[in-house]
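Let me begin by presenting the structure, written as structure tokens, before commenting on it.
What follows is calculated from the coordinates using simple rules that are stated; it is not laboratory data. Since this is a predicted model, take the numbers as computed values, not measurements. Here the Cβ is made from the backbone with ideal geometry for all residues, glycine too, and neighbour counts use every protein chain on show.
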Amino acid sequence: MHSTLSRQLTPSQREAVFHVDGPLLVLAGPGSGKTRVITHRIAALIEAGVSPYNICAITFTNKAAEEMRLRAAALGASAGAHISTFHSLCVRILRRYADRVGINTNFSVYDDADQNRCIKQAVKDCEFDTTNFPPSRMLDAISTLKNKLIDAESFKADADDFFSRTLAEIYLGYERILSERNGLDFDDLLMKAAFLLRDCPDVCGELGNRFKFLLIDEYQDTNHAQYALARALVSQHNNICATGDPDQSIYRWRGADIRNILAFESDWPDAKVVRLEENFRSTATILAAADHLIAFNRNRKDKVLIPTQAEGQAVRITAFEDEKTETKAIAQQVKELAVGGALLRDMAVFYRVNSQSRAIEEAFIKEKIPYQIVRGVEFYRRKEIRDVLAYLKILVNPLDEIALLRIINTPARGIGKTTIDRVRAYAAHNGVSFLEAVRKSDGISSLSKAPKAKLAVFANMLEQFKKDLAGKVAPLAERVFNESGLADSLRAAGAEGQSALENVNELINGAADYDQHADQPSLVDYLHQISLFSDVDVYDAASDRVALMTLHAAKGLEFGHVFIAGVEEGLLPHERSGAAENDDELEEERRLFFVGITRAKMGLYVSFARYRTIRGQSLRTIPSQFLFELGVDFTEQVEQDEYNEDDTSRPGPDLKPGQLVRHDIFGLGRVKKYTDMGENSVAVVRFNSGQTKTLMLKYANLSKVGM
DNA sequence: CATAGCCGCCTTTTT
DNA sequence: GGCGGCTATG
């Protein structure tokens, strides 16, 4: 009976696919056919008589969910299985059980810009100085707490030092502001849903009964809140299947806890564990480099990558003078490959930080190479898009003060700061919402006649829009855009208004697309969906263009030829990652590189620039230590590109951690770490100025002090 | 009340 | 090298 499904599967894949009851952990290396296993498993469950309605598969991005739906359908697995991300699932749960959580179903999902405004307000409200308590830091800390399921009250109860107590106050204030506005941030979606399941056994029972089989992909990147959700959902039936690879855990900074996957077997003692170690994606050569690199991670379970492909071409590591030469060479290599018959859509360029994309883009434009930058959220950050969405948000959620503030005078309609302040003061004083105060502006004594009239016109306009609230989104969006005056103000703005107009048109087209495909289109649902958009969601694998994306976005994808640019100390590993001080962070950066490398099927082109322009300044760089960990001898390849400069390379002194050293510019410091790589030896030095630098000894003039 | 211009912070990665 | 926020000016 398994015949059709199992035909293209290896024995271990089959083992995972046809394990029906009880907990299952699939430890899947890169390129091991993990996605296929999951989709086949969904189909196998259905074939075994499980109703699709009882299956819930969790993916990392909406894009991955969409793809999985398609693949499952292709296997004949009838529609009905719930396939989405943790965040989307939580939105659904929260909407369904809103009354149990004490929120309104029309809640706004606050993105980081909205969060910033709220946290600033909260810090101000607490009368703390924003220099001592930087809002972004506070937000980070709050996010970490939420990911750990620590709410403001319980955090405050345990706060026993000055910083914690201050943070607790800010956290409480931030939560108050969000709830006043009927807003939830990304972390809230998970936390509130997890609390709901924890505190309401009946809800937990209902959902557990609904989702009798839970499959979670990329389990190595789940955080505590997601873990708690998963545990609660499967508490009755234990039918959990987690797939992942500890070596590909790259979201530690946002709360992902690698221990979740490492502890799976003790969490579910009767778990069956299947290892998928064969790699069907990459050449043996690429795999060897990946293997060699990741072996440098000490905090890791040993694992082998078993190649099934031939050796293929060598991994290329090339040094370039600066990022312009680097990106130009990438563009030329792309052209060469294209001439040789490779498809543009089968090539990708990865980088550590988004700012690197500009140089690549410029090179590609110059060489007339079609490309796509995989950065979906950027679109929704544009001013004109945010403006239109703010109108829609306030219609759905009248408490969304941020949205209202954004549009009350956009486009300019003569409602200035003073007026706004007076209305807000009235609202605060009378305990009504900002919008309510706008509606009642006629009765606000501090306002004179002209502002009152303008506010009335504005309030009336919103009322008119509200009449169209039910039904399709695109027509309403179009109407709002035209009648709000936004369209006119953009048309009046000349050339740059033109591109803004086009963007809004794209937004409306997107909304129309949503209207067509959604089961039950509604504005709330639409807004919720787009707020959960991820970068890769715009990636169009079908269009024949080279993909440009960050290493993080590359997770889960594969390409024939992969370029990884800017593999330099400070960039990969990134200096702000804390890799110089903390081995765990260094290992995460290494995993990031590992993820990038293992995306490549045939060609891997790694490069670094010896000078890189950072904030307008050309700075000397050092090749990444990771380059030396690939087991690829790249000195010769480097030499070809004229690696001879006026630098007199000097053999580094033999340094040991703790050694006191002096540097011409940075002064005195102490060696924290020394990596002996011959003439390329690198030392991490913490200077007395407080800064920590990674220095390549042949360039940095370090001298030993004392001893 | 609108606008222009300046200052400061920023840039790691993202659902 | 860019954006957001603030201030001074009209």
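Let me know the longest stretch in chain A that avoids all trypsin sites (Lys or Arg not before Pro) found in a DSSP loop with at most 11 other C-beta atoms within 10 Å. Don't skip to the answer; put the middle values down first.
On the way: sites that count: A:Arg7, A:Arg298, A:Lys301, A:Lys368, A:Lys467, A:Arg615.
Between exposed loop sites, the widest span is A:8-297.
Each residue of the range A:50-64 was assigned a 3J(HN,Hα) from its phi angle through the Karplus expression (A = 6.51, B = -1.76, C = 1.60, θ = phi - 60°), giving 6, 6, x, 4, 9, 10, 10, 10, 10, 10, 7, 10, 5, 4, 4 Hz with x at Gly and Pro. Counting neighbouring beta carbons within 10 Å and listing from fewest to most, the residues A:Ser143, A:Ser445 come out as A:Ser445, A:Ser143.
For A:Lys472, the aspartates and glutamates whose Cα comes closer than 20 Å to its Cα, not counting residues fewer than 8 places off in the same chain, are A:Asp387, A:Glu463, A:Glu483, A:Glu506, A:Asp513, A:Asp515, A:Asp519, A:Asp525.
In terms of other Cβ atoms within 10 Å, A:Trp268, A:Trp253 run from fewest to most in the order A:Trp253, A:Trp268.
Bridgeable lysines around A:Lys303 (alpha carbons under 24 Å apart, same-chain partners fewer than 8 residues away excluded): A:Lys34, A:Lys272, A:Lys555, A:Lys601. Mind checking the angle between helix A:495-517 and chain A's longest principal axis? C-alpha axes, 0 to 90 degrees, to the nearest 10. The angle comes out at about 80 degrees. Each part gets one Cα centre, and for the range A:207-262 versus the range A:1-78 those centres are 16 Å apart. Cross-link pairs exceeding 30 Å between alpha carbons, from the set A:Lys63/A:Lys417; A:Lys63/A:Lys212; A:Lys124/A:Lys148; A:Lys301/A:Lys324; A:Lys393/A:Lys454: A:Lys63/A:Lys417; A:Lys301/A:Lys324. By the rule of a C-alpha distance below 16 Å, with chain neighbours fewer than 8 residues away ignored, the aspartates and glutamates paired with A:Lys335 are A:Glu326, A:Asp346, A:Glu361, A:Glu362, A:Glu367, A:Asp544. Expressed to the nearest 5 percent, the antiparallel share of DSSP beta bridges inside chain A is 35 percent. Whole-Hz Karplus values for the range A:111-124 come out as 8, 5, 5, 4, 4, 4, 5, 5, 5, 4, 4, 5, 5, 4 Hz, taken residue by residue from phi with 6.51 cos²θ - 1.76 cosθ + 1.60 and θ = phi - 60°; glycine and proline positions read x. Amide H to amide H distances under 5 Å link A:Arg545 with A:Arg345, where only residues 5 or more positions off or on other chains count and H is placed in the peptide plane. Backbone amide hydrogens, once placed in the peptide plane, bring A:Gln309 within less than 5 Å of A:Ala284, excluding anything fewer than 5 places away on its chain. Using 1/(1 + (r/R0)^6) with R0 = 45 angstrom and r between the beta carbons of A:Lys303 and A:Asn104, what's the FRET efficiency to the nearest 0.05? That gives a FRET efficiency of 0.40. I need to check one value: relative contact order of the range A:1-121, counting alpha carbon pairs closer than 8 Å and at least 6 residues apart, in percent. Reported as a whole number, the value is 19 percent.
With an 8 Å Cα cut-off and a minimum separation of 6 or more residues, compute the relative contact order for chain A in percent.
Reported as a whole number, the value is 15 percent.
Could you give the angle, 0 to 90 degrees to the nearest 10, between helix A:86-96's Cα long axis and the longest principal axis of the Cα atoms of chain A? Taking Cα atoms only, the helix is inclined about 20 degrees. Going from the residue with the fewest nearby Cβ atoms within 10 Å to the one with the most, A:Val457, A:Val349 rank A:Val457, A:Val349. Karplus-based coupling profile of the range A:283-295, in residue order and whole Hz: 5, 4, 5, 5, 4, 4, 5, 4, 4, 4, 5, 5, 5, with θ = phi - 60° in 6.51 cos²θ - 1.76 cosθ + 1.60 and x standing for Gly or Pro. Relative to the first principal axis of the alpha-carbon coordinates of chain A, what is the inclination of helix A:135-147, with its axis defined by its Cα atoms, in degrees from 0 to 90 and to the nearest 10? It is inclined by approximately 90 degrees. Summarising the amide proton neighbourhood of A:Val26: residues at separation of 5 or more, or on other chains, whose placed amide H is nearer than 5 Å comprise A:Ala242, A:Thr243, A:Gly244, A:Val274.
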